[in-house]
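**Student:** Dropping a structure here in structure tokens format, bear with me for questions.
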Amino acid sequence: MKLFLGSVLSMIALTTAVSAAPRGVPEPVVPMPFGVNIHFTQALERELNLLADGGFRFVRMDFTWSEIEKQKGVYDFSRYDVLVRDMTARGVRILFILDYGNPLYDEGKAPYTDEGRAAFARFAEAGVKRYAGKGILWEIWNEPNIFFWQPKPNVEDYAKLAHLVIDTIRRVAPGEFIVAPASSGFPWDFMEALGQRGVLAKLDAVTVHPYRQQPPETAASDYRRLRLLLDRYSPRKHLPILSGEWGYSDIWMGMDMQKQARYLPRQWLSNLANDVFLSIWYDWKNDGEDPKEPEHHFGTVYHDLRPKPAYVAAKTLTSTLNGYRYLRRVALPNPNDYLLLFRKGEALALAAWTTDDPHPITLSLPRGTVQVVDNMGKTRSVAVSGAPFVVDLSQEPQYLLLPPHADLSLLGAWSPVRQVLTVRAGQTRNIPVNLQNPTARTLNVTLRARHGEQVLAQTRFRLSPGEQRTANVPVKIEERGSESLRVTLGWGPEQPNVLQTATVWLCVSNVLNVHTLPPVKRQAMVVIENLGEEALQATLRVQAGSLQGNAPLKLAKGQREATVSVQMPEPLPPDVRITAQIVDGKGVTLARSGETRWVLLDAVRAETTGWKAWLDGDAKVEGKAEVSIAEAPEPTPLGVRAAARLDYRFAKGWRFACVNLPEPFVPIEGKPKAVGMWVYGDGSGNMLRCRITDSTGQTFQPDYGPITWKGWRFVTMRLDGGFPGFWGGANDGVVHYPIRWEAVVLVDSNQQSVDKDWSIYVTGIALQY
């Protein structure tokens, strides 16, 4: 192996840099967890200083194989030497992405042969050896679950490469920190496959790119689901979750620069509240100056380095809370209100905002002066007179620097070790809490854990003056019907000062999700998702209006889903309200569904005319979309075979097929929560969606996901908001009723299943209220 040493000056700078570089995930001390993605290795002093002055303490950058190894076995790191030197000098750490193909191997595609993988591992080895001890995070590829893995995503090939790279780095530089897979979004099937192949358990942390057009706080449920998955595949080693790339283009529909400036600090802060202690914003600067190209509008600064409001917001956070350690999210009554507590020495600070409309909250604070800093850095002093202190929450974060006072000293005396934990219903799990006694007297401390009005645990501790330790609050839950429970920890009396509370999420590993389906005559259908794959013998009870029905429920170990038919005493009215619950042998309710009313759209009949199918997207891309009423290959579990059959075909390019109901069924009555339908899948992997339009002409596109299955599956798509995309009309993301169908079924090309004939069948379309 030959190494191109680069410039002498670069090497001198590297070897004389501080050797005791921090390793791994940064501490939650502002600004250490915050960074930006960059697209350069060399920059002028002005740009480097502007980046550092913004408080960005991480950069993420491609460590591009084809640029480093242009001759087999010869590695030119000179450009990266400069970047490492410049960032190290400014206290900025680096996440390097080991990425992309090399034309010297495997035709430039992502490595798919033993030779190609071995060459990539040698390249990784050379880079890691060169920069070992510099506090760098080494990431294996960028978004391998989408087109960045050429010619198309292949989890098997990626897993083989990841194993080899991890083993190589562990052998040559065991102290280095390895992360992956830098996934685009939260691709659950891809993550499951990596877990099954042993990749996740070998990593030091897991990186994801939680892109979305919804507010940053909506990622919380995805983080909790990912925590469950990681703890299942790595039960003995805690795998941190890192947000390696995530931003908002200021010209996306419904976005602007002011909203981008609100979302940046909210993303960073809400990530802290979800145990995500590295947040790398995309992007450092606008990639270009095209006013219509979204990719040119992700930056915190313009292309010419003029600061945008997002830069000002970032610098406001990092400078105002500089040196403050994040402690906990205060458990306010409204889950859409956010109040995060920070401590620096004896000083305390709060970050506050809401995702709701502006409104006030009150806090109990001692007399003194609070410094209030808004999102753009404007500061004002507010006197606390002894009456409740009013905080006017808005969607813009603000920072409150609290007055020094003995009455506040205990606020900073504790914090949960983790805020998102996996629990198993029916078993006791400890919630670890860091405690310290900052006073000169012995403290008798009570910690309580509550879920709603239920007290899950109450534990007492005695702390000597100056003592610091980690204590456990043991909790046990029986309910298995929720994937996660929001638990409030409280310090002190039974009704503590709200500032002496913390929010902790318990993620239930053996959750049972219960869903009722549209009934047919005397049959009530219930789907049970057994995500913990535990064996279970219980009774399924269905209440439909005044009618009751029971059926035995038996789940085998490893069985993830069951569809159970419950025979009711009489035929059920078409719009009856239904609930279902699972009861064990002791009469304990383990899980229950919400109350649901289904209204069937009785349009799938041979005599019904007016069904429509058409192609949309790029008119230059060839394709086919035809709909007919036909017999499905097999009946649904309810015995129905008549279905709307969609035959479609796409050439490569942007193309999708739409199907809509006959005109009498197009208007949608009332305010349904969701649409449900039986879909006989074709396994194509194409995306299943639908479209609705509201009274203002605003169009929404709910998303189910890829059609990966064959045979019948009941699918649901939300119709009541929170959609990934919307456009036209009011263009505000709010559903203005009444609504109507634009397309009851939409199949979007995944670009991998092109030039083939595909068919799906749809029946039993119903609205959920």
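Values quoted throughout were computed directly from the atomic coordinates according to the rules given, and no laboratory measurement underlies them. The structure presented is a predicted model; accordingly, all values stated were derived computationally and were not measured. With ideal geometry, Cβ positions are generated from the backbone for all residues, glycine too; neighbour counts draw on all protein chains shown.
**Student:** With a cut-off of 12 Å, note down the residues of segment 668-698 whose backbone N falls inside the zone around a label point 7 Å from the Cα of E742 toward its beta carbon.
**Tutor:** The answer is 690-698.
**Student:** What is the Cα centroid distance between segment 340-400 and segment 138-173, reported in whole angstrom?
**Tutor:** If you average the Cα positions of each part, the centres end up 45 Å apart.
**Student:** In Å and on Cα atoms, what radius of gyration and Dmax does segment 271-334 show?
**Tutor:** Cα-based Rg and Dmax for segment 271-334 come out at 15.4, 45 Å.
**Student:** Quick one: work out the % antiparallel among DSSP beta bridges in the chain, nearest 5. Can you show the working numbers first?
**Tutor:** Details: 156 of 194 bridges.
Percent antiparallel among DSSP bridges in the chain is about 80.
**Student:** Once you charge only the Cβ atoms, +1 for Lys and Arg and -1 for Asp and Glu, what is the size of the charge dipole of the chain about its Cα centre, to the nearest 20 debye?
**Tutor:** Values: 86 positive and 81 negative charges, 509 e Å.
Taking the Cα centre of the chain as origin, the dipole is about 2440 debye.
**Student:** Here is a follow-up. Run lengths n ≥ 4 of DSSP H only: what is the helix-derived mean residue ellipticity at 222 nm for the chain, with -39500 (n - 2.57) per run over all residues, to the nearest 500? Present the calculation step by step, with values, prior to reporting the outcome.
**Tutor:** Working: 10 runs with 122 residues, N = 769.
-5000 deg cm²/dmol, from helical runs alone.
**Student:** Exposure proxy check: Y282, Y263 ranked by fewest other beta carbons within 10 Å?
**Tutor:** On the way: Y282 19, Y263 24.
Least to most surrounded, the residues fall as Y282, Y263.
**Student:** Continuing with the same structure: Do any GluC sites (Glu not before Pro) in segment 260-358 lie in a DSSP loop with no more than 11 other beta carbon atoms within 10 Å, and if so, which? Let's see the in-between values first.
**Tutor:** Working: sites: E289, E295, E346; in loops: E289, E346.
Sites meeting the loop and neighbour criteria: E289.
**Student:** What does the C-alpha gyration tensor say about the overall shape of segment 326-404? Classify as rounded when a/c is under 1.5, otherwise prolate if a/b is larger than b/c, or oblate. The partial results should precede the final answer.
**Tutor:** On the way: a/c = 1.35, a/b = 1.28, b/c = 1.05.
Rounded, since a/c falls under 1.5.
**Student:** Using 1/(1 + (r/R0)^6) with R0 = 56 angstrom and r between the beta carbons of D407 and N49, what's the FRET efficiency to the nearest 0.05?
**Tutor:** Numbers: r = 42 Å, r/R0 = 0.74.
My answer for the efficiency is 0.85.
**Student:** Now, a different point. Check each of the trypsin sites (Lys or Arg not before Pro) in segment 486-530 and keep only those in coil by DSSP with at most 16 other C-beta atoms within 10 angstrom; list them in order. Show your work: numbers first, answer last.
**Tutor:** Values: sites: R486, K521, R522; in loops: K521, R522.
Hits after loop and neighbour filter: K521, R522.
**Student:** Could you tell me which GluC sites (Glu not before Pro) in segment 511-609 are loop residues by DSSP with no more than 13 other beta carbons within 10 angstrom of their beta carbon? Mind dumping the intermediate values first?
**Tutor:** Values: sites: E529, E533, E534, E561, E595, E607; in loops: E533, E534, E595, E607.
Filter output for segment 511-609: E595, E607.
**Student:** In whole percent, what relative contact order does segment 170-253 give with Cα contacts below 8 Å and a gap of six or more residues?
**Tutor:** The value is 34 percent.
**Student:** Under a point spin-label approximation (7 Å from Cα along Cα-to-Cβ), what is the R23-A651 distance to one decimal in nm?
**Tutor:** Inter-label distance under the simple model: 5.6 nm.
**Student:** Ok, one more. Using a simple charge model, +1 on the beta-carbon of Lys and Arg, -1 on the beta-carbon of Asp and Glu, nothing else, what dipole does segment 512-596 show about its Cα centre, in debye to the nearest 20?
**Tutor:** Working: 9 positive and 8 negative charges, 36 e Å.
For this selection, approximately 180 debye.
**Student:** State, to one decimal in nm, how far the label point of D256 lies from the label point of D304, with both points 7 Å from Cα in the Cβ direction.
**Tutor:** About 2.3 nm, to one decimal.
**Student:** In nanometres, what is the gap between the two model label sites at Q458 and D602, each 7 Å from Cα along Cα-to-Cβ?
**Tutor:** Here the modelled spin labels are 5.7 nm apart.
**Student:** Now for a different question. Net charge around L463, counting only other residues with Cβ within less than 13 Å of its Cβ (Lys, Arg = +1; Asp, Glu = -1)?
**Tutor:** So the environment of L463 carries a net charge of +3.
**Student:** Students often get this wrong, so check it: of K109/K152; K476/K586; K70/K202, which have C-alpha atoms separated by over 19 Å? Could you put the intermediate results ahead of the total?
**Tutor:** Values: K109/K152 9 Å; K476/K586 17 Å; K70/K202 30 Å.
Where the Cα-Cα span goes over 19 Å, the pairs concerned are K70/K202.
**Student:** Applying 1/(1 + (r/R0)^6) with R0 = 56 Å to the Cβ-Cβ distance of R441 and E107, what FRET efficiency is obtained, to the nearest 0.05? Walk me through the numbers on the way to the answer.
**Tutor:** Working: r = 72 Å, r/R0 = 1.29.
Efficiency, from the Cβ-Cβ distance: 0.20.
**Student:** For W727, project a label point 7 Å along Cα to C-beta. Then give me every residue of segment 641-674 with its amide nitrogen under 20 Å of that point.
**Tutor:** 651-660
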